[in-house]
Structure formats: structure tokens, C-alpha cells
Amino acid sequence: MFSDDEIAKFKETKISDKTIYDGRILSLHVEQVRLPNGAVAEREIIHHHGAVAMLVLNDAGQGAFVTQWREPLQRLSVEIPAGKLDPGENDPDEAARRELNEEIGYAPTTPLEPITTFYSSVGYSMEKLHLYFGPHIAPVADKRPLDADEFLQVAWLSLADAQAAVADGRIVDAKTITAIYWWALQAAAGRMTPDVG
């Protein structure tokens, strides 16, 4: 990590914090901060409960992807299954299992493997994503319903098809691109055999 000296050189000190909007998914805060040189600046920060995302493969070695409308982009987006952590929820693994059931009707048959944890956009958001890999999944007997405002379609893509979807712009989502690159690295290292679809 960073030394105390390194932190002190760049640290911003919060002077005030005003909540501008407090919604169901996120809240927007405006902070006044003192910079390392003593000047004061304003930071707009989105507070978010965090999320999970899962790269899961079927027996043919294809990954599960969902297509849905993304209103901020005004377009369709192809993504790996994902979902928000509920307020106060502290077990991302449990949230990942819930979202797999809800979005694609599958459950892992072996423990989900953590790939990495990362922040979606560190310049203005605290959203922390937990990315998992599920190499062994099976259909669930009791599928949870989608959220009332959720409409999506499931597709199974080979690694090559997923990479093509990144190249042609169907996949523009950061968590999904991260998962695909990780998948490609594992395949290149011989740790899994990609489906050639």
C-alpha cells in the first residue's frame, strides 16, 4: 500500500459534506475539501451500496450474458449478470447467487471464485464491484422473478463471440469488459479451454 508520507502529500481533507439527493440506489453528495496546497475545492461524489457481477460458464464453456436497455446510454447493452448489494447487505457472495438465480435462472454448483474487487469510476463514485467466476452452474428449480422494472434477454456466448461483441460495440460495460479480458487471460494461460462457438 501507500506510506504515510505518500498519503500526506496528496490527501484532501473534508471540510463539509452536503447531501443533494438521496435515492433508492445512490445518493449524491457535494463535499468541500482542503487540498494539499491549502486551497479549497468542491467534489461531487456518488455514494452507492456496491454491486456484484458474475462471469459464469455452462457445460459447453460459454458465458452467460444479458441484453438490456440502459437508459443513461439510450441504447441496448450486453453485460454479464450483475446486481446491486441491498442496503446493509455485507455478503457479496450471497448477493451474487441471488442475482444469478434472478437474471439467468442458474446457481453455482461449486463455490463462486472471487476474481477481483474494483471501483467503477473513482473520480466521482464510491461504487465497489465484486467480480466472481462460476465455472460450474446448473438451472435452479425455483427461479426468482426479475425486478418489476427489469427486462432482459439471456444469451450464451463463446469467448470469441464475447470479444467480437466488445470489438463491434455491443459490449461497452466496464465490468463486462474486465471479465472478458480475465477470461481471455485464463484461456491463454491454459487454465480453461474456451468454447469456439
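Given the criteria in a strand (DSSP E or B), at pLDDT 95 or above and surrounded by fewer than 18 Cβ atoms within 10 Å (Cβ to Cβ), does Val172 qualify? Spelling it out, it is not the case that Val172 is in a strand (DSSP E or B), at pLDDT 95 or above and surrounded by fewer than 18 Cβ atoms within 10 Å (Cβ to Cβ). Screening the candidates Asp59, Asp86 for the property of being modelled with pLDDT under 95, under 25 Å from Ala174 (Cα atoms) and of a type outside the set (Ser, Thr, Tyr) yields one hit, Asp86. Within segment 67-78, is there a residue that is assigned to a helix (DSSP H, G or I) and open to solvent by 40 Å² or more (accessible area, probe 1.4 Å)? Within segment 67-78, none of the residues are assigned to a helix (DSSP H, G or I) and open to solvent by 40 Å² or more (accessible area, probe 1.4 Å).
Scanning segment 42-66 for residues that are in a strand (DSSP E or B) and open to solvent by 20 Å² or more (accessible area, probe 1.4 Å) yields Glu42, Arg43, Glu44, Ile45, Ile46, His47, His48. Taking the criterion of being modelled with pLDDT of 95 or more, open to solvent by less than 100 Å² (accessible area, probe 1.4 Å) and not in a strand (DSSP E or B), the only residue of segment 8-22 that qualifies is Glu12.
Every residue, every condition in (1) in contact with a Ser or Thr (Cβ under 8 Å, 6 or more places away or on another chain); (2) on the phi > 0 side of the Ramachandran plot, yes or no:
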site: Gly38; (1), (2): no, yes
site: Leu55; (1), (2): no, no
site: Gln62; (1), (2): yes, no
site: Trp69; (1), (2): yes, no
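Would it be correct to say that Pro145 is under 30 Å from Leu28 (Cα atoms), modelled with pLDDT under 95, open to solvent by 80 Å² or more (accessible area, probe 1.4 Å) and under 17 Å from the mean Cα position of the chain (by Cα)? No: the conditions fail for Pro145. Given the structure, is Val33 of a type in the set (A, V, I, L, M) and more than 30 Å from Ile177 (Cα to Cα)? For Val33, the condition - of a type in the set (A, V, I, L, M) and more than 30 Å from Ile177 (Cα to Cα) - is met.
The values are calculated or read from the model by the stated rules, or taken from the named source; none is laboratory data. Remember, it's a predicted structure, so these values are computed and weren't measured experimentally. Every residue, glycine as well, gets a Cβ built from its backbone with ideal geometry; the counts of neighbours run over all protein chains shown. The protein model used for the area step is the full one, side chains on, heavy atoms only, and it has no ligands, DNA or RNA in it. Shrake-Rupley method; radii C 1.70, N 1.55, O 1.52, S 1.80 Å.
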